[in-house]
Amino acid sequence: MYRQVDCNARLDAPTLQALRLTQDVTLVLCLFKLKPFTTSPITPDALALFQHQMDAIRLAGLKAIVRFAYSDTESPEDAAPAQVMLHLDQLAFYLAANKDVIATVQAGFVGSWGEWDNSTHFGMSIRASAQNFFDRAALIDKLLSVLPVERMVQLRAPQIKRSYLSTSLPLTIAESYTGSPKARLGYHNDCFLASSSDLGTYDDINIDYPYLGAESLHVPVGGETCAYVQPRADCPTALAELTAFHWSYISLDYHPSVIDAWKKQGCWASIEQHLGYRFVLEDGSYAVTAEAGGNFALTLNLRNDGWAAPYNGRNVELVLRHTQSGALYRFRIPADPRMWLPGQRVSLAQSLTLPTNMEAGNYLLLLNLPDPEVELSDRPEYSVRFANDGVFEAATGFNSLQHEVAIGPAS
């Protein structure tokens with residue numbers, strides 16, 4: 001779930017932190033408006049404001065969906081393609097400097113709300129000229145080039161990606177997370193369930209639905225509702241499409257009438273539980289004893305009960321913590337949680353070599369999935385919390401495997 005914040009008013013870290021602590025919100029939408037700069041460079045003050053917003057989000061322990069737009073109304077007024085390119089050159093430093101707290105970037109810039117529909121400079125989505133298509137493709141190229149390769153761009157509709165890549169073949173598992181344009185383009189649907197086409201999100205559902213179902217296993221999908229249209233916006237269709245298209249996030253703010261209907265119809269709790277990934281520890285087998293300098297073998301079984309897999313990288317660590325002294329030993333496990341697909345059962349089998357100087361005694365086994373970014377890797381609020389009751393340690397970010405092993409001195 002995410003909340004939209006006013007990203008052109010200075011954000012306050014304690015207020016943002018309260019979203020996380022009182023509402024379990026870990027994601028915010030930062031729609032950064034560039035309306036004053038349609039014919040001029042972004043001013044240093046505006047760039048400094050964007051940096052302040054990212055700093056506040058980081059202090060609060062949140063991440064951001066970022067979108068830049070010249071219009072935050074139905075007005076199609078935006079900037080000329082050349083001006084957009086210059087703005088992206090200015091923004092490149094800030095996107096790189098803040099990639100740790102940027103979850104994903106929406107393509108933005110074009111037309112009303114930056115949603116790539118009607119535009120004064122990039123044409124109308126349904127009647128775009130050859131030059132308009134060229135300019136839109138060049139914008140995607142530029143955005144991919146200035147955004148760090150570890151982050152993905154979300155497009156407003158599946159047909160935009162197919163047109164850009166000149167292929168109707170969806171992303172495969174072998175192509176995923178390779179850093180290619182195909183692997184880095186996901187989707188945001190900001191009129192989910194508002195009509196049979198989600199108000200133009202889908203061009204032909206016979207093509208778009210299977211395409212998006214395959215693609216969304218490996219790229220981010222999220223968005224918001226914009227109108228309550230029965231029966232399409234009711235729980236049965238909502239659950240079916242959130243599942244089929246592997247949604248990772250949805251707005252808590254829009255549209256209130258749709259969210260109220262989901263609560264009254266009884267599917268809201270399921271949506272809260274299954275958006276994104278939901279890792280559950282099942283069972284495991286572990287050695288009961290080991291010695292310093294020797295091997296320690298384990299097999300850990302888990303499953304993903306969520307509708308999606310993580311779309312950004314995660315490290316996986318086994319942590320051994322001495323039950324008396326608290327000494328920690330961390331072991332990196334060569335696994336990629338982005339490949340722990342929805343509905344899948346995962347088995348991690350490892351044989352670890354313990355340090356020869358490891359302190360003797362009893363150790364609790366813990367699993368840690370920290371953020372891979374150096375700035376966040378030791379912050380527990382950025383570690384993955386498993387869904388099992390009583391296993392997550394908020395103070396450390398570790399998940400207890402509820403098993404102890406006795407480590408003896410090196411022989």
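Quick note: the coordinates plus some simple rules give every number you see, no bench work behind them. Worth saying up front: this structure is predicted, and the values here are computed from it rather than measured. As a convention, Cβ positions derive from the backbone with ideal geometry for all residues, glycine included, and neighbour counts pool all protein chains shown.
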- Query: D for the chain, whole µm²/s, Stokes-Einstein with Kirkwood Rh over alpha-carbon pairs at 10 °C and 1.306 mPa s: what number?
  - Reply: 70
- How far is the Cα center of region 162-201 from the Cα center of region 1-31, in Å? 27
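Specify, per residue and in Å³, the volume enclosed by the convex hull of the alpha carbon atoms belonging to region 10-83. Provide the component values of the computation, followed by the final result.
Working: hull volume 7.3 nm³, N = 74.
Convex hull volume per residue, Cα atoms: 98 Å³.
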- Query: Which residue, chosen from ILE271, ALA9, LEU185, occupies the Cα position most advanced towards the positive end of the dipole of the chain, where the dipole is computed from +1 (Lys, Arg) and -1 (Asp, Glu) charges on Cβ about the Cα centre?
  - Reply: LEU185
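Report the charge-dipole magnitude of region 279-408 in Debye, nearest 20, computed about the Cα centre from +1 at each Lys and Arg Cβ and -1 at each Asp and Glu Cβ. Display every interim value, and only then the final one.
On the way: 9 positive and 15 negative charges, 48 e Å.
With Lys and Arg at +1 and Asp and Glu at -1, about 240 debye.
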- Message: Binning at 10 angstrom from zero up to the longest distance, how are the C-alpha pair distances of region 279-408 distributed in percent?
- Response: 12, 45, 34, 8, 0
- Message: Quick check: Cα centre of region 96-155 to Cα centre of region 281-338, how many Å?
- Response: 39
- Query: Can you give the charge dipole size of the chain about its Cα centre, rounded to the nearest 20 debye, using +1 on the beta carbon of Lys and Arg and -1 on the beta carbon of Asp and Glu?
  - Reply: 340
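GluC sites (Glu not before Pro), restricted to region 168-233: which are DSSP loop and have at most 16 other Cβ atoms within 10 Å? Display every interim value, and only then the final one.
Details: sites: GLU175, GLU215, GLU224; in loops: GLU175, GLU224.
Of the GluC sites (Glu not before Pro), the ones in loops of region 168-233 whose Cβ has at most 16 other Cβ atoms within 10 Å are GLU175.
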- Which values, in whole Å and largest first, are the semi-axes of the equivalent ellipsoid of region 163-280 obtained as the square root of 5 times each eigenvalue of the Cα gyration tensor? 26, 17, 11
- For region 26-31, Karplus couplings with θ = phi - 60° (6.51, -1.76, 1.60), whole Hz, Gly/Pro x: 10, 9, 10, 9, 9, 8
- Item | Descending Cα extents along the principal axes, region 1-148, whole Å | 49, 28, 25
- Query: Which value in deg cm²/dmol, rounded to the nearest 500, describes the helix-derived mean residue ellipticity at 222 nm for the chain, given -39,500 (n - 2.57) per DSSP H run of n ≥ 4 and division by the residue count?
  - Reply: -8000 deg cm²/dmol
- Other-chain or far-sequence residues with amide H under 5 Å of GLY186's (modelled H): VAL153, GLN154, LEU155
- Note on the structure: The answer for trypsin sites (Lys or Arg not before Pro) in region 89-175 that fall in a DSSP coil and have at most 14 neighbouring Cβ atoms within 10 Å is ARG127
- Which aspartates and glutamates have a Cα lying under 15 Å from the Cα of LYS35, excluding residues fewer than 8 positions away in the same chain? ASP6, ASP45, ASP72, GLU74, GLU77, ASP78, GLU115
- Note on the structure: For GLY306, the residues 5 or more places away or on another chain with a placed amide H closer than 5 Å to its own amide H are ARG278, GLY343
